[in-house]
1. Could you check region 151-172 and list, in sequence order, the residues that are touching a strand residue (DSSP E or B) at 6+ places or on another chain (Cβ under 6 Å) and aliphatic (A, V, I, L, M)?
2. What residue, of I247, I225, I152, is surrounded by 15 or more Cβ atoms within 10 Å (Cβ to Cβ), farther than 30 Å from Q127 by Cα and among the hydrophobic types (A, V, I, L, M, F, W, C)?
3. Which residue, of V55, V39, is within 14 Å of I7 (Cα to Cα) and not polar (S, T, N, Q)?
4. Any idea which residue in region 229-242 is farthest from the chain's Cα centre (by Cα), counting only those that are closer than 26 Å to Q127 by Cβ and part of a strand (DSSP E or B)?
5. Give me the residue from region 189-207 that is of a type in the set (A, V, I, L, M, F, W, C) and under 17 Å from K227 (Cβ atoms) and, out of that set, surrounded by the fewest Cβ atoms within 10 Å (Cβ to Cβ).
6. Condition first: touching an Asp or Glu at 6+ places or on another chain (Cβ under 9 Å) and in contact (Cβ under 8 Å) with a residue 40 or more places away in the chain. Can you find one or more residues in region 187-208 that meet it?
7. What residue, among those in region 74-114 that are farther than 18 Å from I51 by Cβ and of a type in the set (F, W, Y), is surrounded by the most Cβ atoms within 10 Å (Cβ to Cβ)?
Amino acid sequence: MKQNASILHVDDEPSFTELVQTFLERQNEKFDVETANRVDEGLDRVSADNIDCIVSDYEMPGKNGIEFLRALRSKLPNLPFILYTGKGSEEIAGDAISAGATDYIQKQSGTDHYTLLANRIQNAVEQYHTEATAKRTDERYHNLVDTAPIPILLFDTDGRSVYANDSAVTFLNADSHADLENEAFTQFLHAEDQETASERFRTLMSEGGHAPEIEYRIRAIDGEIKKATVTTAYGYYQGEKVAQAMIHV
């Protein structure tokens, strides 16, 4: 974990939240643990502060932990939420999962389980930040290429299209983006160019980097053949490996 994580622990026993705060911050120096003793107070903290993970008891006055989770999910569907309770049952665990809990841990006597709790929090926060970073990267990518003047397509490791910008839709004589979805890249090439392109694709996906530009005969959706120079580069899209093809007309 590269940066500090703000953890909110909600439990109606102040002495217990203080104990958990001490152990968690001792387990991981990058944890900053805040506490709240009621669900409403917890919701206010989440609204006001930049929280990275919530650890919540189940049985509390007013609203219980599942009700807390449901109220939270309506506003923050991806924020890590760990139900940490002494009231363990299959029904509660099932309700927690159905409501969107990230994890479910039963309180135990002794201090060993604090290590487990700290590890689960760290894993949840790291995944949360990774997904958030990937989402921001995808948003920046879309802002950059959606309206780019050159046709751009992305292909997954199986060689099937996962993205095409507006220029690609126009260049390939498609009616919509849906016409290009999940199509093998070879379908967009003249039959005599497919073997060369397939070899270059395999090399690119195994070695990374980028492939030098090459002229292909591009086959549009309606069968029209168009000559164009294509450059390809290895990258990531929505967290998955892709080959990016840029068509220079």
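Any read-out appearing in this document is the output of simple, stated calculations on the displayed coordinates, not a laboratory observation. What you see is a predicted model; the values in this text were computed from it and never measured. Reconstructed Cβ throughout: ideal geometry from the backbone, glycine too, with neighbour counts over all protein chains shown.
1. So the first thing to find is which residues in region 151-172 are touching a strand residue (DSSP E or B) at 6+ places or on another chain (Cβ under 6 Å), and the list is 151-157, 159-165, 168.
I152, L153, L154, V162, A164, A168, listed by residue number.
2. I247
3. V55
4. Y234
5. The initial filter retains those residues of region 189-207 that are of a type in the set (A, V, I, L, M, F, W, C), namely 189, 191, 197, 201, 204-205.
Adding the requirement that they be under 17 Å from K227 (Cβ atoms) leaves 189, 191, 197.
Values: L189: 20, A191: 9, A197: 21.
Of everything passing the filter in region 189-207, A191 is surrounded by the fewest Cβ atoms within 10 Å (Cβ to Cβ).
6. No, region 187-208 contains no residue that is touching an Asp or Glu at 6+ places or on another chain (Cβ under 9 Å) and in contact (Cβ under 8 Å) with a residue 40 or more places away in the chain.
7. Only one residue tops the list, namely Y104.
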